[in-house]
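Presented below is the structure to which this report refers.
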Amino acid sequence: MMLVPAVVSAQEKPTTGYAPVNGLKMYYEVHGSGDPVVLLHGAFMTITNNWTGWIAELAKTRKVIAVEMQGHGRTADIERDISQENLADDVAALLDHLKISKADLIGYSMGGGVAMQCAVRHPDKVRKVVVISSTFRRDGMIKEAADSIPKLTAEDFKGSPIEVEYKKLSPTPDGFPKFVKRLLAMDSKGGDIGADKLKATKAPMFFIHGDADGVRLEHIAEMFRLKGDEIYGDLRPRSASRLAILPDTTHVTLMQRMTTIVPMVNDFLDAKPQKQK
């Protein structure tokens, strides 16, 4: 539920469409070719202001499917709770619509929670997951960050790239105040993934955080322990899951570290299972 500044860049001509999923007309774009990877944006975000530069880089070797989830960007809101569980079900239905049996997922902030929920709820559709600056429980954020979110209002976004992008793309351009309230309602309830459920997921996960991104370091360690354990990798095979913490990096500036993060993501997605010793 945190934000990044919007920097909009022209995308190469993608295949675009609206997928009928669970009562939504979900906007998506397909760039490049190769193994499929789905990009899941953060709260309040769109394709253009979350994934600037990322799509072009990832699409050099992959089929990149960028989506705009319920109420975001070109995807109209519907009379249904905006929850990570519902959004995860939408992603699974989109893959069915596109006739993609299994995909990798990359999720930022809220999108990271949605990606983890996909791995829990639709394990047969998820190969690997990249979670960027997200939590699997509401208590994962530091108090300062958690306390700031419920105080947000539409007025706080006045004139911001987020408000401008919403009014430019949304089918309901005057609905921004309601949209903000809807997302704050989502943040105030639910969304927790039980530790046992996260541990039981079969998809390897790569957790990427900043050292000042608003997520408790103990929570980051807990997520990685659940998926990766603590291993002395010189003596036995390493976990298929991974962890990276970038120095001097915040929730916002993480997305600006594309030149550092994308090669690590490509290496993770391309990695083959290690042979047991």
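With an 8 Å Cα cut-off and a minimum separation of 6 or more residues, compute the relative contact order for region 119-277 in percent.
30
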Quiz prompt | Estimated [θ] at 222 nm from DSSP helical runs (n ≥ 4, -39500 (n - 2.57)) normalised by residues in the chain, nearest 500 | solution = -10000 deg cm²/dmol
Practice problem: Give me the distance between the Cα centres of region 42-66 and region 223-263, rounded to whole Å. | Solution: 20
Quiz item: How big is region 132-277 in terms of Cα radius of gyration and Dmax, in angstroms?
Solution: 18.4, 60
Quiz item: Tally Lys/Arg at +1 and Asp/Glu at -1 over every other residue whose Cβ is under 13 Å from the Cβ of residue 26; what's the total?
Solution: -3
Quiz item: Semi-axes of the equivalent ellipsoid of region 115-197: what are they in whole Å, largest first, if each equals the square root of 5 times a C-alpha gyration tensor eigenvalue?
Solution: 28, 18, 11
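For the chain, what does the relative contact order come out to in percent, with C-alpha contacts under 8 Å and a separation of six or more?
For the chain, the relative contact order is 19 percent.
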Exercise. Give a residue-ordered list of calculated ³J(HN,Hα) values for region 66-80 (Karplus: 6.51 cos²θ - 1.76 cosθ + 1.60, θ = phi - 60°; whole Hz; x for Gly, Pro).
Key: 9, 10, 10, 7, 2, x, 9, x, 7, 8, 5, 6, 9, 7, 7
Quiz prompt | region 22-114: translational diffusion in µm²/s, Stokes-Einstein, Kirkwood Rh over Cα pairs, 4 °C, 1.567 mPa s | solution = 99
Quiz item: Share of region 137-186's accessible area from carbon and sulfur, percent, 1.4 Å?
Solution: 58
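Around residue 227, under 13 Å between beta carbons, what's the net of Lys plus Arg minus Asp minus Glu among the other residues?
Every neighbour counted, the sum reads +3.
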Exercise. Between beta-carbons, use under 13 Å as the cut-off and find the net charge around residue 193, counting Lys and Arg +1, Asp and Glu -1.
Key: +1
Practice problem: Past 26 Å, Cα to Cα, is the threshold; run 63/125; 13/102; 60/167; 189/272; 181/227 against it and keep the listed order. | Solution: 60/167; 189/272; 181/227
Quiz item: For region 32-81, which whole percent of the accessible surface, found with a 1.4 angstrom probe, sits on carbon and sulfur atoms?
Solution: 47
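The values are calculated or read from the model by the stated rules, or taken from the named source; none is laboratory data. Just so it is clear, the structure is predicted and the values come from calculations on it, not from any experiment. Neighbour counts run over all protein chains shown; Cβ positions are idealised from the backbone, glycine included. Just the protein is used for accessible areas: all its heavy atoms, side chains included, with ligands, DNA and RNA removed. Shrake-Rupley method; radii C 1.70, N 1.55, O 1.52, S 1.80 Å.
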